[in-house]
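So the structure is just underneath, and the comments pick up after that.
The values are calculated or read from the model by the stated rules, or taken from the named source; none is laboratory data. What you see is a predicted model, and the numbers here were worked out from it, not measured in a lab. Note that each Cβ is placed from the backbone with ideal geometry, even for glycine, and that neighbours are counted across all protein chains shown.
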Amino acid sequence: MAPNSVRSMEVATTNRYGIATNNASTLAELISTIPQSWRPSIGAYLTTIYRAATKLANVQNTIAAYQRHTAEKSFPASIKNSVKDPKIQFSKEYLGTTEGSLAGGSIKDQVLEAQKNILKRALMLKEEELAALQSVIKFDRAAWRREVVDVASRTATAYGVTFKYSLENDAGPEWSGNAQGQLQADCKGLWAFGDLFHYRAVAIARSLADRSLIEKTRNLNMKKKTDQDKMDIDSEKPTKELIDDSIKAFESRLKTDLARMMGTSPGKRRGGILTSDRQFKKTRQQKQPQQERQAEQPFSRQEREAPKERPSQETRVMTLRSFMAECSKDFRPWLIETYPCIYGSLSSQTRIKIDFAFMRPWEIDTLRVSKPGVFKHPDVVIPDDIEYMLAVNHKFILHQRPEQHDVDAAKQALVRSVRNKWLFRDNESSEFIPKFHVPNKRWRPPLASRPIEQGLEAAMAVIDSQVRQALTTIATRPPVKNLNWTKVQEYLSDQGLIAKLTDKNLGLAVLPISWYDAQCLQLLADSETYKPVFDVPIQELIDTLYGQLSSWRLPPAMDKYIRQRTLREIPEFHAIPKVHKKPWKLRPIVPSHSWVTTTTSTVLDHLCQPLLENFPWIVASSKQVINQIEKVKPLSGKPVWILTADVVAFYTNIPPKQCSNILAGWWRVFGKTSAIPYQAIRKMARFVMQNNYLSYQGQAFHQLNGLAMGTSCAPVVANLYAAWFEKKARVVHQEGVLLYVRYIDDILCLFQGTKEEVQNFVSGYTIGPLSLTWSINRLRNEFLDIELIQEPGLTQRVVHTRLFRKTMNRHLYIPWSSAHPLHVKKGFVKAELTRYIILCSKFEHFADARKELYGNLRRRGYPVRVLDEWFIQVSYETRAQILLPKEKKEDRAPLMLSGHYNPVWDFVDVNKVAAAAHEFWLKEKLPSSLTEPLIRSLGRTTSLFDLLSVWNKTNLLSSATVGSTEPQPR
């Protein structure tokens, strides 16, 4: 039986579902009462009902407000602002007539009538919307039971049991076989008490809407009281409009006072109606003969032709100084009532100068660097100041205080490293791989030889001297304040929002938690890819790994790395929005950085990377693509087609068994010299691919197919899997194929032939069971960050290339106000320019891209002088040298001062430090490990990405926040 009111529900408390739902005060708590197997599916269902109920409550509140306005003969701000009194001017002759005197009132009557009609129509439409939403939130028992049955059928298949059911049978499904008792009880409970969950979601939404309305009313009453106390005004106008009206009235009074002092009139009145606001400074003169006018001119020709004197720079500056002199000690730039009277008489240009002069540093930084903004979900509206702060982008690093202890820790690490290298100078091995080294932190190396220790002491003395200079210099600098991140955090939390990086690295996106949660649950409801599990067998996986490890015959360093660095943290599923899709979608991400398979995946990636050298069509960068395009020559007079393709859902559609066999086959062919057997490669691949577990909101899942998108070996495994089909099809040698390259799931092909031949190639080419989406064009196409263009008259090359950017790219580069060291910003800018040189086959294309980058960096706050100095260091004339492949260098570990971004490091000159050490070290015969250069290796400190990660996780897990995820209509 349906309840009479969603505000006061009589929930039965004689069963555990009644008690649980009655105690749930938020949507998150309500979803947590659902048994785990049904939680993703039923949770998505309840989220949909909850959102509809929230909208219904808002519509009810809107209707009540419209009815109140109708009774009081007033209008809401939305209607009042949409239809305003037009500013229509009439001649004074017409205004003096009877009809003219009524013109203004007649227009106001028409505006009032239009506002009444709009309000009446809006009320009628809102009532229709209310009826539609009421039908949506009505409990449909059959639909509920279908949701229950859908999950139950998948669970029954997993347990190997069967059940029978009828949607009309209230007793619930009848299970047969070895079904667990708890499973049957959960199924029957959900079958019988679906209305409790449904209407509790409705009640929670209604309660939230009521609280929001009460809070809004309280704030409005507080505003009215403040207006009355401070301005003696009782109005529903926004505070900004009240201040604007006050300023206008002040300017009017000031103009009148100035005119009275000057003996002029601010305007003339006719019959009580102001006909002109112009001050007549000159009176009309009767025309006189030319000779009389010339006779009356007392000035010489030089005086007549002398230019009018313009106010000097000093005079213009004095206007601002005069304003400052008029300011009292109580002046506050953000309080209009503290401004001196002279402010009203200043020009608009001078006022703008004053406004900018008193802007706080963070306001100027955000105004300058965040103009592009962030992506907002259609249901999201955020204030400008919040958007400005988010638009500094995720790489923005917060400013830190000078920290000497960071340098002290780096000194200790350097001393330990040097002593280790000296101790093992006779045991250097080319097989040593730094990333697989597992140091023993408890072990302390002995002192080195006397010259080595003297060199270390000299180097430490130089560092200490530089640090003292840094602390003294930094102490005299004005402190750098960070943005008001607490305000951003509180706003996102209060509004039920999260901020995520976007797919294709287009910028940041702000989206509702309710929408994000529903989309994640929908992704995880795909039974072909994910399977919910009650328990993750972590210990069994560890035992399996260690049991197989000895048979893999890995080098000792890799074996030790897997045994001592394997962790047990279940990856937490999350997703990033695809804002370039309409409507928005999510791309699933499983960050497997601390899972049982992580170390095995890292080792497998390291072993398989050299295999890619046998497949030259597999590229790892745009530079490799450009180098191959430069070598392509047309074979005949047939047209050349630019083909691109995308492998649909590449990672998740790779079958584990087939993929592991292919990897073992490649190892058997190309890894014959290795002591590691090909069977080990097969076992490692299967262990990684078959044990992808993840969790979301406390529910664990097992990925049934494909690769996890966050595991280390995913790119190389996917590349080798696809390479088997490409080599089998001999795609690079097919007739008409001028060029074929692939970057993971993106394919580029230059094909010469007729349209029919192109269609035959596209339709006949496949990569195993994977699907391809093709784009065919003769004139232009895009691949990665390269735009390929065919121009008429090309003979020496097939296509020209230039930089390609998605139109939605916000160009949110590292802002100048970020705490990144200067050398990092310089390196990023020069790297971008170098990338443009590589991509652009013509200088004009490079010049256009360089000009656009210059403008974007200026908008991010980079000074002109700095950009001019950096830009001139990169020349297009060096393109031939830049395109040359880099020589492979031996992977040797340099000497490092390892720390984090800190103002103190700006004063540490590693060249002077190394010179002080080598003055003593050269007395010894140094091992090659101590002849490596000394570098600063600085990791980033807290960034906006770190803050957003914590805020997003907190907001998602907080039951109070999730319960208020639906943003209120604005």
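Assorted remarks:
- Residue in segment 869-884 that is under 29 Å from the mean Cα position of the chain (by Cα) and either part of a helix (DSSP H, G or I) or surrounded by 14 or more Cβ atoms within 10 Å (Cβ to Cβ) (or both) present: yes
- Pair list, Cβ under 6 Å, 6 or more apart: segment 847-866 residue at negative phi, other residue among the β-branched types (Val, Ile, Thr) and surrounded by 13 or more Cβ atoms within 10 Å (Cβ to Cβ): 860/369
- Only residues that are small (Gly, Ala, Ser) and surrounded by fewer than 18 Cβ atoms within 10 Å (Cβ to Cβ) were counted in segment 695-712, giving 3.
- Pick from segment 802-819, criterion in contact with a Phe, Trp or Tyr (Cβ under 7 Å, 6 or more places away or on another chain) and not β-branched (Val, Ile, Thr), ranking: nearest to residue 846 (Cα to Cα): 803
- Checking each residue in segment 733-775 for being charged (D, E, K, R) and assigned to a strand (DSSP E or B) picks out 742, 746.
- Residue match in segment 438-448 (condition: hydrophobic (A, V, I, L, M, F, W, C), over 18 Å from residue 914 (Cβ atoms) and outside any loop (DSSP other than H, G, I, E, B)): no
Matching residues to (1) of a type in the set (D, E, K, R); (2) in a strand (DSSP E or B); (3) in contact with a strand residue (DSSP E or B) (Cβ under 6 Å, 6 or more places away or on another chain):
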position: 583; (1), (2), (3): no, no, no
position: 591; (1), (2), (3): no, no, no
position: 608; (1), (2), (3): no, no, no
position: 612; (1), (2), (3): no, no, yes
position: 626; (1), (2), (3): no, no, no
position: 638; (1), (2), (3): yes, no, yes
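- Checklist (1) of a type in the set (Val, Ile, Thr); (2) surrounded by 16 or more Cβ atoms within 10 Å (Cβ to Cβ); (3) modelled with pLDDT under 85 applied to residue 418, failing item: (3)
- Scanning segment 394-415 for residues that are assigned to a loop (DSSP other than H, G, I, E, B) and either modelled with pLDDT of 80 or more or of a type in the set (Asp, Glu) (or both) turns up 394, 395, 396, 398, 399, 403.
- Selection count, segment 373-393, where residues are under 18 Å from residue 819 (Cβ atoms), of a type in the set (A, V, I, L, M) and part of a loop (DSSP other than H, G, I, E, B): 2
- Flag if residue 103 is hydrophobic (A, V, I, L, M, F, W, C), within 30 Å of residue 25 (Cα to Cα) and free of Cβ contacts under 8 Å to residues at least 40 places away in the same chain: no
- Some residue of segment 210-231 being part of a loop (DSSP other than H, G, I, E, B) and modelled with pLDDT of 70 or more: no
Residues checked against (1) surrounded by 16 or more Cβ atoms within 10 Å (Cβ to Cβ); (2) closer than 22 Å to residue 618 by Cα; (3) free of Cβ contacts under 8 Å to residues at least 40 places away in the same chain; (4) not assigned by the TED database to the domain that holds residue 591:
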position	(1), (2), (3), (4)
681	yes, yes, no, no
693	yes, no, no, no
714	yes, yes, no, no
723	yes, yes, no, no
728	no, yes, yes, no
737	yes, yes, yes, no
765	yes, yes, yes, no
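- Of everything in segment 841-868 that is of a type outside the set (D, E, K, R), part of a loop (DSSP other than H, G, I, E, B) and out of contact with any Ser or Thr (no Cβ under 7 Å at 6 or more places or on another chain), the residue that is nearest to residue 629 (Cα to Cα) is 862.
- Selection within segment 629-665 - closer than 25 Å to residue 752 by Cα and surrounded by 17 or more Cβ atoms within 10 Å (Cβ to Cβ): 629, 640, 641, 642, 643, 644, 645, 647
- Sole exception among (1) of a type in the set (Ser, Thr, Tyr); (2) more than 30 Å from residue 43 (Cβ to Cβ); (3) out of contact with any Ser or Thr (no Cβ under 9 Å at 6 or more places or on another chain) for residue 712, by number: (3)
- Residue in segment 28-40 that is surrounded by the most Cβ atoms within 10 Å (Cβ to Cβ), counting only those that are more than 11 Å from residue 196 (Cβ to Cβ) and in contact with a Ser or Thr (Cβ under 7 Å, 6 or more places away or on another chain): 28
- Which listed residue is in the same structural domain as residue 529 (by the TED database), surrounded by 15 or more Cβ atoms within 10 Å (Cβ to Cβ) and not aromatic (Phe, Trp, Tyr), from 560, 582, 578: 578
- Enumeration of residues in segment 587-641 that are more than 30 Å from residue 524 (Cβ to Cβ) and among the polar types (S, T, N, Q): 609, 614, 621, 622, 624, 627, 628, 636
- Condition check for residue 616: over 30 Å from residue 679 (Cα atoms) and either at pLDDT 90 or above or not in a loop (DSSP other than H, G, I, E, B) (or both): no
Residue-wise test of (1) more than 29 Å from residue 400 (Cβ to Cβ); (2) assigned to a helix (DSSP H, G or I); (3) acidic (Asp, Glu); (4) modelled with pLDDT under 80.
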{"site": "891", "(1), (2), (3), (4)": "yes, no, yes, yes"}
{"site": "917", "(1), (2), (3), (4)": "no, yes, no, no"}
{"site": "920", "(1), (2), (3), (4)": "yes, yes, no, no"}
{"site": "960", "(1), (2), (3), (4)": "yes, yes, no, yes"}
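- Residue within segment 922-930 that is touching an Asp or Glu at 6+ places or on another chain (Cβ under 9 Å), in a helix (DSSP H, G or I) and over 30 Å from residue 404 (Cβ atoms) present: yes
- Residue match in segment 666-673 (condition: under 20 Å from residue 712 (Cβ atoms), loosely packed, with under 15 Cβ neighbours inside 10 Å and touching a residue at least 12 places away in the same chain (Cβ under 8 Å)): no
- Members of segment 82-96 that are of a type outside the set (Gly, Ala, Ser), surrounded by 11 or more Cβ atoms within 10 Å (Cβ to Cβ) and part of a loop (DSSP other than H, G, I, E, B): 83, 85, 90
- Pairs, first on the phi > 0 side of the Ramachandran plot in segment 385-407, second outside any helix (DSSP H, G or I) and aromatic (Phe, Trp, Tyr), C-beta under 8 Å, six or more apart: 393/813
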